[in-house]
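The values are calculated or read from the model by the stated rules, or taken from the named source; none is laboratory data. Predicted model, so just to flag it, every value in this text is computed and none were measured. Ideal geometry is used to build each Cβ from the backbone, glycine not excepted, and the neighbour counts take in all protein chains shown.
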């Protein structure tokens, strides 16, 4: 049994609420107010891309645009400004977008030190990521309003890739852009309703880590990545 | 008393706060910045009132059905491989957490910022059995190093310290030898704490909102330390106040949106992390063991009472950032880990009137808190309700007299508070003043001004007038 003291605790809650304990039959109401769906209503993907770009400026994140064909070149330019050791997720999209080949070649030429996240070697992944200059992942859902990449961090897409290296680079396929958090949480909610398991960790990441704890001055880069860059790519 | 910090009397704390010009300057500028940011974030969103209405609607429904949603949450956590402990008291919560630490032979604990762990005094409980508890939020790290100074604000706990003081703490305790540039100090803390994260056995966090439908714990942060606490150690413990729950991910969206905007004026913080149970079979990082501790500690006493809406609080501190009293006396004067208007409502409920009876009087009833609250808790009305309750409990003299005398005693026995109050009156009332009279006053003045005008407070206090007059007399002679 891994739930302790539940009945006495919840019986007391019900008693204080002045009624019998409710164990079934509670329906989530249809909320009378729904302002979240009005945000960027009617915007198409191009409009949302512009909004995303604008927001990235506010969260200290550079946004580059690229076609699928040019992506390896844009990636190369971006990585070089941040360092040479790179950790990437084990994600089929790296192959789809031709980045596998690019990393392979860079490694052979000795230009980059690339580590692909391998769930079978847990400690080793973390040791490498901790020392790496750059961590790279694809965005699963991209939020225009807040400049956010949503990561379903499981399997080959370790939590640490977007966390431990000094710089975080996210690749945002244009088709992943939605107006705001509401569209992403609805998708997750629908998965739960269908009875599907959700990843043990879902991250909403908006730019580099920061803090205003010292005299309310914004410090960009604290425990997580110190810098962040996004590459918005036209879908293949 | 769990929420209590320090042993000094209220009036002594107030005087200390008012005399601390450094702290007051820091509080003033923080209030201004945070207040502005919140307003512009709300304005950007457009229909802020609609968002607040939705926030209130969600919180009310959830609290009315709290037993149902907590049962669902605990079932889902169990399904995803976690353990759940329902703790009626702080002691029960600490005993369970200690047991987990002992079983895991955990020596080093890394911890993200959490108000409820402060409330139950968890760090002390763990240290008693020989655990080393490392605070990893930048502000909490600084406070912990500074011989465990107390937080003075729920979002920016080190608000009362300036960068020079912080540099001194780092220098004295950790041999820091660089400047007081915030960036340099943060880089130093990053380096120091990285080692702790990598070596830790257990990670402990609070919980901004749990999602009942999936058994998820969400954390809303900027620095990345909470992510590190939950990605690296093998054992993770999350501690939540029992009211911090939403039905589904769709409501999580609304409350997180309200929280980020109200707390720091951001659309979303750098990280919003949803954690569900233990790591999957094919995950390389994340905890192998997960415990959720759900804490009552006096909260259920608010259910079914007129104070129930105080449980709707999402800990954004918007009410603190607009409060004129907090501005003058600072966070430590409240003597509770929950300062400001919400603290003045909650502390007496969690800690009793004997220790916190003064707090409901540490308010001008201007209602700025109520207007700022993103989930529409009627804070100033709850403060009045507290005053009424106390008078009823005392059953002495007439209500009006007791109330007036208590308020006067508080102001009059603290010379500085009295001075600040009389000096501030013309400024505060200037918003409502037309010519020499007040035609539509705030809070307690309203019933009067509804039927007649109230003379505007003199720009000069009696003391100032008297001093000037004495001075003049001196010149005349």
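Which of the following residues is at pLDDT below 95, surrounded by fewer than 18 Cβ atoms within 10 Å (Cβ to Cβ), part of a helix (DSSP H, G or I) and outside the structural domain of residue B:234 (by TED's automatic domain parsing): B:168, B:172, B:164? Steps first, answer last, please.
On the way: B:168 fails: at pLDDT below 95; B:172 fails: at pLDDT below 95.
Step by step, each of B:168, B:172, B:164 is checked, and only B:164 is at pLDDT below 95, surrounded by fewer than 18 Cβ atoms within 10 Å (Cβ to Cβ), part of a helix (DSSP H, G or I) and outside the structural domain of residue B:234 (by TED's automatic domain parsing).
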Exercise for review: Go through (1) buried (at least 21 other Cβ atoms within 10 Å of the Cβ); (2) farther than 27 Å from residue B:338 by Cα; (3) not assigned by TED's automatic domain parsing to the domain that holds residue B:74 and name the single condition residue B:249 misses.
Suggested key: (3)
Review point. Could you say which residue among B:109, B:84, B:116 is crowded, with 21+ Cβ neighbours inside 10 Å, in contact (Cβ under 8 Å) with a residue 12 or more places away in the chain and in a helix (DSSP H, G or I)?
Key: B:116
Point to revise | Positions within segment B:268-282 being modelled with pLDDT under 95, surrounded by fewer than 24 Cβ atoms within 10 Å (Cβ to Cβ) and at the interface with chain A (Cβ under 7 Å from one of its Cβ atoms), in sequence order | key: B:280, B:282
Review point. Just wondering, is there one or more residues in segment A:40-59 that are surrounded by 19 or more Cβ atoms within 10 Å (Cβ to Cβ), assigned to a helix (DSSP H, G or I) and either touching a helix residue (DSSP H, G or I) at 6+ places or on another chain (Cβ under 6 Å) or within 10 Å of chain B (Cβ to nearest Cβ) (or both)?
Key: yes
Study note, to complete from the structure: residue B:136 meets each of (1) more than 8 Å from every other protein chain (Cβ to nearest Cβ); (2) touching a helix residue (DSSP H, G or I) at 6+ places or on another chain (Cβ under 7 Å); (3) closer than 21 Å to residue B:230 by Cβ with one exception, condition (1)
Study note, to complete from the structure: Inside segment B:1-38, the number of residues satisfying the requirement of being free of Cβ contacts under 8 Å to residues at least 12 places away in the same chain and surrounded by 13 or more Cβ atoms within 10 Å (Cβ to Cβ) is 4
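Which fully enclosed helices (runs of 4 or more DSSP H) of segment B:242-344 have 1 or more residues being without any contact (Cβ under 8 Å) to a residue 60 or more places away in the chain and in contact with a helix residue (DSSP H, G or I) (Cβ under 7 Å, 6 or more places away or on another chain)? Full working, then the answer.
Working: elements: B:249-264, B:318-322, B:324-329.
Once the helices (runs of 4 or more DSSP H) in segment B:242-344 are filtered for at least 1 residues that are without any contact (Cβ under 8 Å) to a residue 60 or more places away in the chain and in contact with a helix residue (DSSP H, G or I) (Cβ under 7 Å, 6 or more places away or on another chain), what remains is B:249-264.
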Practice item. Within segment B:42-51, work out how many residues are within 12 Å of residue B:258 (Cα to Cα) and more than 11 Å from every other protein chain (Cβ to nearest Cβ). Key: 1
Review point. Just wondering, is there one or more residues in segment B:183-197 that are modelled with pLDDT of 95 or more and outside any helix (DSSP H, G or I)?
Key: no
Practice item. Output yes when any residue across segment B:125-133 is under 30 Å from residue B:377 (Cα atoms), surrounded by 21 or more Cβ atoms within 10 Å (Cβ to Cβ) and either modelled with pLDDT of 95 or more or touching a strand residue (DSSP E or B) at 6+ places or on another chain (Cβ under 8 Å) (or both), and no when none is. Key: no
Review point. When both residues are 6+ apart or on different chains and their Cβ atoms are under 7 Å apart, which pairs have a first residue that lies in segment B:210-221 and is within 9 Å of chain A (Cβ to nearest Cβ), and a second that is at pLDDT below 95 and assigned to a strand (DSSP E or B)?
Key: none
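Working carefully through the options B:102, B:64, find the one that is at negative phi and more than 9 Å from chain A (Cβ to nearest Cβ).
Details: B:64 fails: more than 9 Å from chain A (Cβ to nearest Cβ).
One residue alone meets the criteria, B:102.
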Check your understanding: For segment A:179-207, how many residues are touching a strand residue (DSSP E or B) at 6+ places or on another chain (Cβ under 9 Å), more than 7 Å from chain B (Cβ to nearest Cβ) and modelled with pLDDT of 95 or more?
Key -> 6
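Those residues that are in a helix (DSSP H, G or I) and more than 7 Å from chain B (Cβ to nearest Cβ), I need them from segment A:1-37; list them, please.
At the first step, the residues of segment A:1-37 found to be in a helix (DSSP H, G or I) are A:6-16, A:35-37.
Scanning segment A:1-37 gives A:7, A:8, A:11, A:15, A:37.
Among the listed residues A:72, A:92, which satisfies the condition of being surrounded by 12 or more Cβ atoms within 10 Å (Cβ to Cβ), more than 11 Å from every other protein chain (Cβ to nearest Cβ) and either free of Cβ contacts under 8 Å to residues at least 60 places away in the same chain or farther than 30 Å from residue B:245 by Cα (or both)?
Working: A:92 fails: surrounded by 12 or more Cβ atoms within 10 Å (Cβ to Cβ).
Answer to the selection: A:72.
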Exercise for review: For residue A:211, work out the one condition from (1) buried (at least 24 other Cβ atoms within 10 Å of the Cβ); (2) within 14 Å of the chain's Cα centre (by Cα) it doesn't fulfil.
Suggested key: (2)
Exercise for review: Tell me which of these residue B:100 doesn't satisfy, since it passes every other one: (1) in a helix (DSSP H, G or I); (2) more than 17 Å from residue B:238 (Cα to Cα).
Suggested key: (2)
Practice item. Keeping to segment B:65-85, report how many residues are touching a helix residue (DSSP H, G or I) at 6+ places or on another chain (Cβ under 8 Å) and under 17 Å from residue B:239 (Cβ atoms). Key: 5
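Quick check on segment A:75-89: of everything there that is part of a helix (DSSP H, G or I) and in contact with a helix residue (DSSP H, G or I) (Cβ under 8 Å, 6 or more places away or on another chain), which residue is surrounded by the most Cβ atoms within 10 Å (Cβ to Cβ)? So that I can check it myself, show each step before the final result.
Taking segment A:75-89 first, the residues part of a helix (DSSP H, G or I) are A:75-80.
Then keep just the ones that are in contact with a helix residue (DSSP H, G or I) (Cβ under 8 Å, 6 or more places away or on another chain); that gives A:75-76.
Working: A:75: 24, A:76: 16.
The extreme case among them is A:75.
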Exercise for review: Tell me which of these residue B:307 doesn't satisfy, since it passes every other one: (1) under 27 Å from residue A:4 (Cβ atoms); (2) surrounded by fewer than 24 Cβ atoms within 10 Å (Cβ to Cβ); (3) more than 11 Å from chain A (Cβ to nearest Cβ).
Suggested key: (1)
Point to revise | Failed condition for residue B:62, given (1) outside the structural domain of residue B:356 (by TED's automatic domain parsing); (2) within 22 Å of residue B:316 (Cα to Cα); (3) out of contact with any helix residue (DSSP H, G or I) (no Cβ under 9 Å at 6 or more places or on another chain) | key: (3)
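Working carefully through the options B:157, B:151, find the one that is closer than 30 Å to residue B:327 by Cα, modelled with pLDDT under 95 and facing chain A (nearest Cβ under 10 Å). Show your work before the answer.
Values: B:151 fails: facing chain A (nearest Cβ under 10 Å).
None of the others qualify; the one that does is B:157.
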